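Chemist: Could you have a look at this structure, given as structure tokens, before my questions?
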Amino acid sequence: MTDDLHKLRHSAAHVLAQAVKRLWPKTKLAIGPPIEEGFYYDLEPETPLTEEDLPKIEAEIEKIIKADFPFVRSEMTKPEAESYFKEQGERFKLEIIQGIPDSSVSIYTDGDFTDLCEGPHLNRTGELKAVKLLSLAGAYWRGSEKNPMLTRIYGTAFFDKKTLDEFLTTREEAKKRDHRKLGVALKLFSIFEEAGAGFVFYQPRGATLRHLIEDYSRKQHAARGYQPVITPHVIRSNVWIRSGHYEHYKPNMYIFKTEDEQEWGVKPMNCPGHILIYQSSLRSYREFPLRLFELGTVYRNEKSGVLHGLLRVRGFTQDDAHIFCRLNQLESELTGILEFVKEVFKDFGFAEYKVEMSTRPPEFLGNEEQWKKAEEILERVLKESKIPYELSPGSGAFYGPKIDVHVKDSIGRYWQCATAQLDFVLPQRFNLKYAEDDGTEAAPVMIHRAIFGSIERFIGTLIEHHGGAFPAWLAPVQAVVIPISEDQAVYAREVREELVKSGVRVELDDRKETMQSRIRDAQLSQIPYMLVVGKREAQAAQVAVRARREGDLGAMALADFTARLAREIEEKR
């Protein structure tokens, strides 16, 4: 987000709060920041608000915009500000002020409204040209379930109405592609509250899709010299203490004790398990780079408020790999990872992506010199690969800086998938060694990397990117055979059996429904091909082919259809 857009949306959030206070004066205000797609304001209304109230609030926002009030910045000492907001009954603002270390705070006023705010803002409310409120949600104050539940009003703002209209059109298209709705409609997956939010149950079609992705991943890794490993889901806590996860990640872990008072941790990451496998043998430089790969399922105790379909879950599988190598092998390995990422995303239909490099966070393991060296290596690889990237200061993992790849979907949204993290720290914490060519011992360097990131998140991304209409090579069901009447039932079964022998994922729909109804159901299920068989097709040993996108393709021999499908699969169209 540019500085100007940040300022615009910050101002819109301020005006939103002003409008709500005008309509419901006893409302208590919390915070109202700009965000990637707009802004929001958290507040505690005097009466519950609903979606039906949004047009009324928008109308009040328009009045404030037309009034063209100037945004006036001023400062108060902390005691003055505490006195003012206490008198206004703004208990959340009072709590914010008490947490500010400075001796004074900044205040912004426009018209009859004053708010505690860092700014910056526009010069006047009249500079807001295109504001739209989007939705309501609940949000705990300061993100803690122990605090009051507030009402969060989401909105967006742009510099002109045309851009706003384009955004709203894209947003409507995104609603149609929502993987949570399509996942149910296409019978891909379920999340059962009684079993626990954030845990995914794959229906047969969803499991087929997942197996296709996993089989693809295994083949691609094998072709690039990765060796498969499998590690346990539960490991004693002393391993997590040694790795640093216990200290830096414990709130997100499932920790429990057994009857013998031993403490265990359900793995939130696969890296310590791969490190233990590395330690199980004496290692030589001749084995390097040693690439260990696992489709490893991990579990993270995410807060319920952040769970979101497949995109944010508590149990998920990573296409996780850890590369142990010499220092002078790092750059070629990282370059290879970036090329791997590019090839994979092309196969899945993603033509564009952006790259982000994250540097040392405030809390980190190791020393600053190691981090500096690691960050220099990552930057050098990106520059030599001629890959444009953005810096994300302070967002690295606690053990090392990282490169994240965000793929662009068919309606212009970006999704974080692949990651490569450079780590000098964990090999030292576990005292990893290998024998150099001169017989001396040295510590390897470690790369943590995933291509899809999380299989669950990647499936959610794929559903939204393709709108559920997967290309034939990925479609859980590639074709459905539809007999026109019961007289063709035997021939329809023979067609299905032949297709199964050819490796086609095919279903037979011989329900006592009209042919048009069954074709419509197949279309809604996003099945790439419908093979209609009537008396004429049965006599000619053919199938009438109807494609999901192209419509009626006419009658053809079954061998011609399977050849067509095979070409489409091979080309990953």
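Chemist: So how do 496-503, 263-270 stack up, highest first, on mean other-Cβ count within 10 Å? Walk me through the numbers before you get to the answer.
Modeler: Values: 496-503: 14.6, 263-270: 20.2.
Averaged packing, sorted descending, gives the order 263-270, 496-503.
Chemist: Please report the orientation-averaged projected area of the chain, defined via the convex hull of its C-alpha atoms, in nm².
Modeler: Values: hull surface 134.1 nm².
If I average the Cα hull's projected area over directions, I get 33.5 nm².
Chemist: State to the nearest 20 debye the size of the charge dipole of the chain about its Cα centre, where the only charges are +1 on K and R beta carbons and -1 on D and E beta carbons. Before the final figure, lay out each step's value.
Modeler: On the way: 80 positive and 88 negative charges, 197 e Å.
That gives a dipole near 940 debye.
Chemist: Determine, for E58, E36, the number of other Cβ atoms within 10 Å of each Cβ, and report the residues in order from fewest to most.
Modeler: On the way: E58 15, E36 7.
So the residues, fewest neighbours to most, are E36, E58.
Chemist: List, in order, the whole-Hz ³J(HN,Hα) value for each residue of segment 331-342 obtained from phi through the Karplus relation with A = 6.51, B = -1.76, C = 1.60 and θ = phi - 60°; use x for Gly and Pro.
Modeler: Each residue of segment 331-342 in turn: 5, 5, 5, 5, 4, x, 5, 5, 5, 4, 4, 4 Hz.
Chemist: By the gyration tensor of its Cα atoms, with a ≥ b ≥ c the square roots of the eigenvalues, what is the shape of segment 479-571: rounded for a/c under 1.5, prolate for a/b over b/c, or oblate? Display every interim value, and only then the final one.
Modeler: Details: a/c = 1.56, a/b = 1.19, b/c = 1.31.
It comes out oblate by the Cα gyration axes.
Chemist: Alpha carbons only, please: Rg and Dmax for segment 461-507, in angstrom.
Modeler: Spelled out, the Cα radius of gyration and Dmax of segment 461-507 are 13.6, 43 Å.
Chemist: Here is a further query. Quick one: I255, I463, fewest Cβ neighbours within 10 Å first, how do they rank? If you can, show how the numbers build up before the last one.
Modeler: On the way: I255 14, I463 27.
Placing the least packed residue first, the sequence is I255, I463.
Chemist: If amide hydrogens are placed 1.01 Å from N in the peptide plane, which non-local residues have theirs closer than 5 Å to the one on G296?
Modeler: Correct list: Q318, D320.
Chemist: Ranking request for peptides 154-160, 142-148: highest mean number of other beta-carbon atoms within 10 Å first, then the rest in descending order. The partial results should precede the final answer.
Modeler: Values: 154-160: 19.3, 142-148: 11.4.
Packing order, densest peptide first, comes out as 154-160, 142-148.
Chemist: A further question follows. Once fully extended, how much extra length lies between K63 and T50, figured as 0.36 nm per residue of separation less the alpha-carbon to alpha-carbon distance?
Modeler: Values: separation 13, 0.36 × 13 = 4.68 nm, distance 2.10 nm.
This chain segment gains 2.6 nm when fully extended.
Chemist: Still on this structure, please answer the following. With θ taken as phi - 60° and the coefficients 6.51, -1.76 and 1.60, list the Karplus ³J(HN,Hα) couplings across segment 405-419 in order, rounded to whole Hz; mark glycine and proline as x.
Modeler: Rounded to whole hertz, the list is 10, 10, 8, 9, 8, 5, 10, x, 8, 10, 10, 6, 10, 6, 8.
Chemist: Arrange the following residues from fewest to most other Cβ atoms within 10 Å of their Cβ: D215, D409.
Modeler: Details: D215 10, D409 19.
Final ranking by Cβ density, sparse to dense: D215, D409.
Chemist: May I pose another question? List the extent of the Cα atoms of segment 254-307 along each of their three principal axes, largest first, rounded to whole Å.
Modeler: 47, 34, 13
Chemist: Now for a different question. If you stretched the chain out fully between E441 and Q227, how much longer would it get, using 0.36 nm times the residue separation minus the C-alpha to C-alpha distance? All intermediate terms of the calculation are to be shown ahead of the outcome.
Modeler: On the way: separation 214, 0.36 × 214 = 77.04 nm, distance 2.37 nm.
Residue separation times 0.36 nm, minus the Cα-Cα distance, leaves 74.7 nm.
Just so you know, all these numbers are worked out from the coordinates, no wet-lab data involved. Every value quoted in this text rests on a predicted model; they were computed, and no experiment measured them. Glycine also receives a Cβ, built like all others from the backbone with ideal geometry; neighbour counts cover every protein chain displayed.
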